[in-house]
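Novice: Structure in structure tokens, see below.
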Amino acid sequence: QYAMETRLGQLGWHEIEVVDEDLGRSAAGSVTRTGFERMVAEVCLGKVGAVAAREVSRFARNSREWQQLVEVCRVVDTVLIDQEMVYAPRLSNDCLLLGLKGSLNEYKLDLLRQRSVEARREKARRCELVVSAPIGYIKSENQRLEKHPDLRVQQAILLVFRKFAELGTVRQTLLWFLEHGLEVPTRTPGGETLWKRPVYRSMHRMLTSPVYGGAYTYGKTEHFTGYEGARSRDVCRRKPRERWLALIPGSHESYVSWEV
């Protein structure tokens, strides 16, 4: 990509600006890309004579943004350049070719995404996909869950389930821990175990998770894109148990029996 700056200079273009602030941000979804937005704004103002990339379709991998860029370039007569040729969107043949390239690129991306998702699902059905280990467990080298080697962590989790069986509700269990000044283990994003005063949300998640009953689970939530005004956003929603992709009891050592 950066080598194109030199090549454009050789072709006679001046005042070349490299837009690289979107590196690491996908062009396929709803991720905000300030570089792309700034570039489109500059094109709209008629300040840009040409927009270049190694593959022009990589500017946007969804039809909405791609068609927006092509249409803006057509209106202000800005050309698009890739490693193969120069496109003038005002010409019907070039506009048609740009549309086809965008559609093919979007299809290729969707095909790769489908293959990746299906591969993950197959691993999950075989109980071989462990994304992260919940507190009280660690992920082994063979992608299995094993109990945390720290006995203090094990005893704390066992105490949570024992008190829940005795008191009957999550709230009463939480109040008992707070009354006695007891802490429960938590995990930082870096994987370090910390001890904190329990809160209702984390205790409810622990007591309702099938993982502590020795069951492997996958596909408990679903993600979809919604709109908030004019801006799209990703939404995560929990699915009912009968729609989970995988629920396999007895896949690892439990803290409480599956029947309980």
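Novice: Looking at 173, 188, 193, can you tell me which residue is exposed (fewer than 12 other Cβ atoms within 10 Å of the Cβ) and modelled with pLDDT under 95? Please lay out each step first, then the result.
Specialist: Details: 173 fails: exposed (fewer than 12 other Cβ atoms within 10 Å of the Cβ); 193 fails: exposed (fewer than 12 other Cβ atoms within 10 Å of the Cβ).
Testing whether each residue is exposed (fewer than 12 other Cβ atoms within 10 Å of the Cβ) and modelled with pLDDT under 95 leaves just 188.
Novice: Restricting to region 97-132, and then to whatever is part of a loop (DSSP other than H, G, I, E, B) and either of a type in the set (Phe, Trp, Tyr) or within 16 Å of residue 248 (Cβ to Cβ) (or both), can you tell me which residue is nearest to the chain's Cα centre (by Cα)?
Specialist: In the first step, residues of region 97-132 are kept if they are part of a loop (DSSP other than H, G, I, E, B); the result is 126-132.
Subset that is either of a type in the set (Phe, Trp, Tyr) or within 16 Å of residue 248 (Cβ to Cβ) (or both): 126-131.
Numbers: 126: 23, 127: 21, 128: 20, 129: 16, 130: 16, 131: 12 Å.
Ranking the qualifying residues of region 97-132, first place goes to 131.
Novice: Just give me the residues in region 228-237 being surrounded by 10 or more Cβ atoms within 10 Å (Cβ to Cβ) and either under 20 Å from residue 126 (Cβ atoms) or not polar (S, T, N, Q) (or both), in sequence order. Let's see the steps before the verdict.
Specialist: The first filter runs over region 228-237 and keeps only residues surrounded by 10 or more Cβ atoms within 10 Å (Cβ to Cβ), leaving 232-235.
Within region 228-237, 233, 234, 235 meet the criteria.
Novice: Let me ask another. For region 130-151, state whether one or more residues are surrounded by 14 or more Cβ atoms within 10 Å (Cβ to Cβ), on the phi > 0 side of the Ramachandran plot and at pLDDT 85 or above.
Specialist: Yes, region 130-151 has at least one match.
Novice: Let me ask something else about it. Residues that are at pLDDT 85 or above, over 19 Å from residue 87 (Cα atoms) and part of a helix (DSSP H, G or I): does region 39-61 have at least one?
Specialist: yes
Novice: Now for a separate question. Give me the pairs, please: first residue somewhere in region 123-149 and of a type in the set (Gly, Ala, Ser), second residue anywhere and part of a loop (DSSP other than H, G, I, E, B), beta-carbon distance under 8 Å, and either six or more positions apart or on two chains.
Specialist: Every condition considered, the pairs that remain are 124/219; 124/245; 136/148; 136/255.
Novice: Next question, about the same structure. Being part of a loop (DSSP other than H, G, I, E, B) and over 17 Å from residue 134 (Cβ atoms) is true for just one of 166, 259, 253. Which residue is that?
Specialist: Details: 166 fails: part of a loop (DSSP other than H, G, I, E, B); 253 fails: over 17 Å from residue 134 (Cβ atoms).
Only one candidate qualifies: 259.
Novice: In a strand (DSSP E or B), within 19 Å of residue 144 (Cα to Cα) and either in contact with a strand residue (DSSP E or B) (Cβ under 6 Å, 6 or more places away or on another chain) or open to solvent by 100 Å² or more (accessible area, probe 1.4 Å) (or both): is that true of residue 217 in this structure? Break it down into steps so the answer makes sense when it comes.
Specialist: On the way: in a strand (DSSP E or B): yes; within 19 Å of residue 144 (Cα to Cα): yes; either in contact with a strand residue (DSSP E or B) (Cβ under 6 Å, 6 or more places away or on another chain) or open to solvent by 100 Å² or more (accessible area, probe 1.4 Å) (or both): yes.
Here the answer is yes, as residue 217 does meet what is asked.
Novice: Inspect all residues belonging to region 140-149 and state whether any of them is under 20 Å from the mean Cα position of the chain (by Cα) and either closer than 21 Å to residue 253 by Cβ or assigned to a helix (DSSP H, G or I) (or both).
Specialist: Kept after step one, since they are under 20 Å from the mean Cα position of the chain (by Cα), are these residues of region 140-149: none.
Scanning region 140-149 turns up no residue that is under 20 Å from the mean Cα position of the chain (by Cα) and either closer than 21 Å to residue 253 by Cβ or assigned to a helix (DSSP H, G or I) (or both).
The values are calculated or read from the model by the stated rules, or taken from the named source; none is laboratory data. Bear in mind that the values here come from a model prediction, so they are computed numbers and not experimental data. Note that each Cβ is placed from the backbone with ideal geometry, even for glycine, and that neighbours are counted across all protein chains shown. Ligands, DNA and RNA are excluded from the accessible area calculation, which covers all protein heavy atoms including side chains. Shrake-Rupley method; radii C 1.70, N 1.55, O 1.52, S 1.80 Å.
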